[in-house]
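Down below is the structure, laid out as structure tokens.
Since every read-out is calculated from the coordinates, none of them should be taken as a lab result. Keep in mind it's a predicted model, so treat the numbers as computed, not measured. Neighbour counts are summed over all protein chains in view; Cβ atoms, including those assigned to glycine, are modelled from backbone coordinates with ideal geometry.
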Amino acid sequence: MRGRPVRAVRPSGEGVAVVDVPEPDAGGGSLVNVRSASICGSDLHMLELQFFSGTFGHEFAGALDDGTPVAIEPSVPCGACDQCLSGASHLCRTGADRFPGVAVDGGMAERIRVPAASLVPLPAGLTVANACLVEPLAVAMHGLRVAGVAGDEAIAVVGAGGIGLFAAAAAVASGSDVAVEARHDMQRAAAERLGASVTPDGEYDIVIEAAGTESALARAVELCRPGGVVLFLSTHWVPITLPGIPSAMKELRYQWSYTYGTHGGGRDVDAAAMLLARNPEIAATLVTHRFPLEDAPEAFRVAGDRAHGAIKVVIDIE
């Protein structure tokens, strides 16, 4: 395998193409033979905005040369800034400059080299084909943690794309009562399979905004009880206007959440891997399409077509 070009997914024209790129540098870190990579909504936005010209992929998993299966925590903190030294390495002052698939070449390729600290061992019951879901599930679990979810809350999720449904799955696993507001029948069916209801009504302790639109934010504020929390798990690519008067009259608290981190019980990515292993229904429900690497352009087209049933689209790499 060594010495030959590596096939990778990069922007090309109005879509993506599978192209040859150089073998990963032989420097420090662990070489991962990628086996699965899932498409994030952020990948679609970056493609639309021509934000990134490198290899896509921050949701990926694979195997080391000795066959050990691993998922990847793609954040690469510096380890020396005030945030890293305080235990908040996910808020590293320069970490965004080294984030695979966003700032540097990512894992939607046959091979990639990552820091050893980025490796996430897979628990029994989690296949490498589904371990690409560790990263997005960790995003959701981190959000619930920073919002203070204890497991006895009423939680609503506005937006039922991948991240919204991962949040619903994690909230259900916490013991909370969960309702999901979705636009499409496939999303509603998925929410119900994950143990949530699909008719948010009344008021909720925590409302997760997972759509990234002002209309979703307005709906989240409407559903949130006085003194409740609106949790942002979406990415807002343009400035937004907060619903000032309703928020003030309810004394709402807004909680932003960024990627994943380390807490008293360990890393969010390890907790996500364990949840996926304990509940195979999450992957079975949310992975709606799989494509081989050579069909990456079609995979991206399908991933952007929510109305036709796509939730999580996975690229399988041999």
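Some points to look at:
- Acute angle (nearest 10 degrees) that the helix 162-174 long axis makes with the longest principal axis of the chain, alpha-carbon atoms: 70 degrees
- Tail weight of P(r) past 15 Å, computed on alpha-carbon pairs of region 256-318, percent: 64 percent
- Converting the Cα gyration tensor eigenvalues of region 71-150 into ellipsoid dimensions via √(5λ) gives semi-axes, longest first, of 22, 19, 11 Å.
- Using the Cβ-Cβ distance between F51 and D295 with R0 set to 30 Å, the FRET efficiency from 1/(1 + (r/R0)^6) comes to roughly 0.80.
- Cα convex hull of region 27-84, projected area averaged across orientations, nm²: 5.8 nm²
- Within region 88-123, the trypsin sites (Lys or Arg not before Pro) that combine a DSSP coil assignment with at most 13 other C-beta atoms in a 10 angstrom radius are R93.
- Amide H to amide H, with H built 1.01 Å from N, V157 comes under 5 Å of A179, V180, E181, I208, counting only residues 5 or more places away or on other chains.
- Subtracting the Cα-Cα distance of L44 and A63 from 0.36 nm times their residue separation leaves 4.2 nm of extension gain.
- Close amide H contacts of S257 (hydrogens built in the peptide plane, cut-off under 5 Å, sequence separation of 5 or more or a different chain): F232.
- Label point at I240 placed 7 Å out along Cα→Cβ; residues across region 192-210 whose backbone nitrogen lies under 15 Å: 207-210
- In this structure, the amide hydrogen of S12, modeled 1.01 Å from its nitrogen in the peptide plane, lies closer than 5 angstrom to those of A17, counting only residues at least 5 positions away or on a different chain.
- Rounded to the nearest whole Hz, the Karplus-based 3J(HN,Hα) values (6.51 cos²θ - 1.76 cosθ + 1.60, θ = phi - 60°) of region 282-287 follow the sequence 4, 5, 4, 7, 8, 7, with x at glycine and proline.
- Sites E222 and V104 - FRET efficiency at Förster radius 25 Å, r taken between beta-carbons, to 0.05: 0.05
- Expressed per residue, the C-alpha convex hull volume of the chain stands at 128 Å³.
- Under the shape rule built on the C-alpha gyration tensor, where the axes satisfy a ≥ b ≥ c, region 10-107 is oblate, since a/c reaches at least 1.5 while a/b does not exceed b/c.
- Phi-derived couplings, Karplus 6.51 cos²θ - 1.76 cosθ + 1.60 at θ = phi - 60°, listed residue by residue for region 224-240: 7, 6, x, x, x, 10, 9, 9, 8, 10, 8, 10, 9, 7, 9, x, 10 Hz, with x used for Gly and Pro.
- Karplus 3J(HN,Hα) series, Hz, for region 136-151 with 6.51 cos²θ - 1.76 cosθ + 1.60 (x for Gly, Pro): x, 5, 5, 4, 5, 5, 4, x, 4, 5, 6, 7, x, 5, 10, x
- Restricting region 193-254 to GluC sites (Glu not before Pro) that sit in a DSSP loop and have at most 12 other Cβ atoms within 10 Å of their own Cβ leaves E251.
- For the peptides 253-259, 20-26, the ranking by mean Cβ contacts within 10 Å, running from highest to lowest, is 253-259, 20-26.
- Region 89-161 and region 241-301 have their alpha-carbon centroids 8 Å apart.
- Shown here are the Rg and Dmax of the Cα trace of region 148-256, at 12.7, 36 Å.
- Computed over the Cα atoms of region 190-318, the ratio of the radius of gyration to the Kirkwood radius (Rg/Rh) comes to 1.02.
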